[in-house]
Amino acid sequence: MEGDLKKRRRRVAVVLIDGLGDVSLPGLRRRTALQAAVAPHLDAVASGGVSGLMDPVEPGLACGSDTAHLSLLGYDPRLYYRGRGAFESMGAGLPMSPGDIAFKSNFATLDENTGIVVSRRADRHFEEEGPILCAALDGMKLPSFPEYEVRVRYATEHRCGVVVKGPKLSGNISGTDPLKDNRLLLKAEALDDSEEAKLTAVVVNELSEEISRILVSHPLNAKRATEGKNIANVVLLRGCGIRIEVPLFEDKHGLTPCMVAPTKIIAGLGLSLGIDILEAPGATGDYRTLLTSKATAIAKALSAPLEPPPLVLVPGEDERKPGRENGYDFGFLHIKAIDDAGHDKASMLKIRALEAVDRAVAQLARLLWEAETSGNFEYYLCVTSDHSTPVEYGDHSFEPVPFAICKLKDFVDAVGEATVINTPLDPFPLPSVKAGEDLNDEVDLSEKKQLRHKAFGGDSVFEFNEIAAARGCLGRFPGSEMMGVIKKFMKLKNE
């Protein structure tokens with residue numbers, strides 16, 4: 001196998017843990033959730049390779065996932081970003097043409113007497129009701145603007161994508177979302193003096209009113225009211241955007257890309273860059289997701305043609321098609337639940353979810369190692385994040401995130417080959433912990449200490465966390481350099 005090393009195809013799996021970064025917590029003796037989590041396989045990536053701290057866009061900027069992902073994948077968000085609505089809608093399966101506008105939208109609860117949005121999320125667990133309400137809204141007509149077509153598709157949790165098609169539309173308008181609970185529902189306004197923007201604002205305000213009219217009279221909301229649940233009587237429209245036009249990822253980086261991203265906004269962003277979106281049964285983009293399914297989908301895609309590649313999303317259709325027969329060089333695995341734990345201020349849930357991610361990384365490593373020992377491939381593992389979502393704040397913040405990359409062979413050496421090949425591949429659920437549960441001073445960190453690796457890669461770092469990464473040889477770098485770092489570490493010619 002060693003003699004054929006130069007002939008082997010180099011491929012990389014990038015595990016993107018959404019909202020990973022955090023700040024130190026008093027209940028953890030001033031450690032972060034990542035420092036407290038028992039995550040020997042994440043640590044092994046750092047131990048076997050090189051580490052650094054990364055500002056997803058730039059230092060001091062608390063960015064969104066969409067702008068961060070653009071930056072990390074090599075696209076300057078200042079140049080290419082056109083609003084997140086198109087990403088959400090395309091990821092939900094709504095096709096977009098030039099001139100269409102789209103919104104990232106929430107089913108929410110409105111006090112009709114006061115016009116105040118009492119809850120921006122009608123219900124996080126909206127998987128059954130969401131598609132029903134979206135079907136009632138899809139294809140709706142606007143009384144004053146019958147020439148415009150409205151498409152609505154369910155995304156995840158309380159979210160949906162909304163696309164408006166018609167003449168002279170502009171993406172340069174504000175939305176209706178007040179962005180916080182207990183604030184007045186907003187009116188869309190033109191953000192420039194163009195006639196197109198002014199017209200679009202009028203169209204969108206009528207759209208908002210018609211959506212509420214349909215939702216208020218829907219029997220599903222009557223049922224929720226009798227059950228004492230929040231009714232979903234408004235859709236908050238935000239992030240108005242158009243489909244971006246960018247160089248394809250493969251042309252830009254020389255790598256054939258695939259992605260597992262049940263979170264629709266990330267899937268839509270991937271589609272916009274020409275990245276194939278893989279089918280991963282049971283992957284939901286929330287706390288109920290099956291991480292094993294995600295790891296398996298990425299591993300199969302990176303192992304083809306030895307393994308049949310998984311199915312990929314066909315934009316604008318409910319069908320799937322087979323992936324590339326010869327597989328992919330760049331596999332991007334997006335994991336959302338850690339970000340949700342940060343937003344929910346669920347400290348213990350973030351720790352336990354990180355430990356679940358560690359198990360999934362172990363499963364991914366086993367599957368890739370089985371393919372690498374065939375002699376056809378040389379694999380690399382990269383782990384990082386798109387932004388910090390500290391449980392102390394419950395929102396995105398500007399702290400940098402840890403980054404680590406290693407050869408799979410060095411990862412195996414750090415963990416032990418016997419441990420890797422005996423890693424169970426059974427599916428496992430994410431842990432269930434009550435949102436808002438606080439830490440206490442009795443959190444046991446002794447197990448974490450017993451599992452430490454030794455550093456034997458490119459620097460002295462042997463743990464994967466925010467503090468250790470600061471000692472890495474990569475230093476602190478902007479997210480726009482991430483793809484360059486990955487390709488240089490893999491010694492690829494295309495820079």
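If R0 is 45 Å, what FRET efficiency do you get for Glu128 and Phe456 from their C-beta distance, rounded to 0.05? Let's see the in-between values first.
Working: r = 50 Å, r/R0 = 1.12.
According to the calculation, E is roughly 0.35.
What does the charge dipole of the chain about its Cα centre add up to, to the nearest 20 debye, if the Cβ of each Lys and Arg holds +1 and the Cβ of each Asp and Glu holds -1? Walk me through the intermediate numbers first.
Numbers: 59 positive and 71 negative charges, 147 e Å.
That gives the chain a dipole magnitude of about 700 debye.
What 222 nm value per residue comes from the helices of the chain, counting each DSSP H run with n ≥ 4 as -39,500 (n - 2.57) and dividing by all residues, nearest 500 deg cm²/dmol?
For the chain, the value works out to -9000 deg cm²/dmol.
May I ask you to derive the relative contact order of the stretch 85-241, considering only C-alpha pairs under 8 Å and at least 6 residues apart, and to give it as an integer percent?
Working: 354 pairs, mean separation 48.7, N = 157.
Worked out over the stretch 85-241, it gives 31 percent.
For Val23 and Arg78, compute 0.36 nm times the residue count separating them, minus their Cα-Cα distance, and round to one decimal in nm.
Taking 0.36 nm per residue and subtracting the Cα distance, the gain is 17.0 nm.
Note the full-extension length gain between Asp181 and Phe477 as 0.36 nm times their separation in residues minus their Cα-Cα distance, in nm to one decimal. Numbers along the way, then the final one.
On the way: separation 296, 0.36 × 296 = 106.56 nm, distance 3.58 nm.
The span from Asp181 to Phe477 would gain 103.0 nm if fully extended.
Can you return the aspartates and glutamates within cross-link range of Lys180? Criterion is Cα-Cα under 13 Å, with same-chain partners fewer than 8 residues away left out.
Leaving aside aspartates and glutamates fewer than 8 places away in the same chain, those within reach of Lys180 are Asp395.
Within the stretch 261-298, whose backbone N sits under 16 Å from a point 7 Å along Cα→Cβ of Asp426?
Residues 291-293 fall inside that zone.
If the chain between Val216 and Ile116 were fully stretched, how many nm would it gain, using 0.36 nm times the residue separation less the Cα-Cα distance?
Working: separation 100, 0.36 × 100 = 36.00 nm, distance 1.53 nm.
Using 0.36 nm per residue and subtracting the Cα-Cα distance, I get 34.5 nm.
If you add up the charges near Lys407, with Lys and Arg at +1 and Asp and Glu at -1, over every other residue whose beta carbon is less than 13 angstrom from its beta carbon, what do you get?
+1
State the answer as a single residue: which of Pro56, Ala86, Ala36 lies farthest towards the positive end of the charge dipole of the stretch 1-105, with beta carbon charges of +1 for Lys and Arg and -1 for Asp and Glu, about the Cα centre.
Ala36
List, in the order given, every pair from Lys350/Lys409; Lys294/Lys321; Lys294/Lys407 whose Cα-Cα distance in the structure shown is over 25 Å. Kindly include the intermediate steps, with their values, before the conclusion.
Values: Lys350/Lys409 29 Å; Lys294/Lys321 17 Å; Lys294/Lys407 21 Å.
Long pairs (Cα-Cα over 25 Å): Lys350/Lys409.
Can you work out the PRE-style zone for Ala470? Point 7 Å along Cα to Cβ, and I want the residues of the stretch 337-377 with backbone N under 19 Å.
Flagged as within label range: none.
Identify which of the listed values of Cα extents along the principal axes in Å was calculated from the structure shown: [x] 67, 60, 39; [y] 77, 47, 43; [z] 71, 51, 40.
[z]
Counting other Cβ atoms within 10 Å, keep those with at most 15, restrict to DSSP loop, and tell me which GluC sites (Glu not before Pro) in the stretch 112-205 are left.
Numbers: sites: Glu112, Glu127, Glu128, Glu129, Glu147, Glu149, Glu157, Glu189, Glu195, Glu196; in loops: Glu112, Glu127, Glu128, Glu147, Glu157, Glu189.
Answer by residue number: Glu112, Glu127, Glu128, Glu147, Glu189.
With point charges of +1 on the Cβ of Lys and Arg and -1 on the Cβ of Asp and Glu, referenced to the Cα centre of the stretch 1-160, which listed residue (Leu72, Ser144, Ser105) lies farthest in the positive direction of the dipole?
Checked the options; the winner is Leu72.
Below 8 Å, C-alpha to C-alpha, sequence gap of six or more: please give me the relative contact order for the chain in percent.
30
Any read-out appearing in this document is the output of simple, stated calculations on the displayed coordinates, not a laboratory observation. Quantities reported herein were computed from a predicted structural model and do not represent experimental measurements. With ideal geometry, Cβ positions are generated from the backbone for all residues, glycine too; neighbour counts draw on all protein chains shown.
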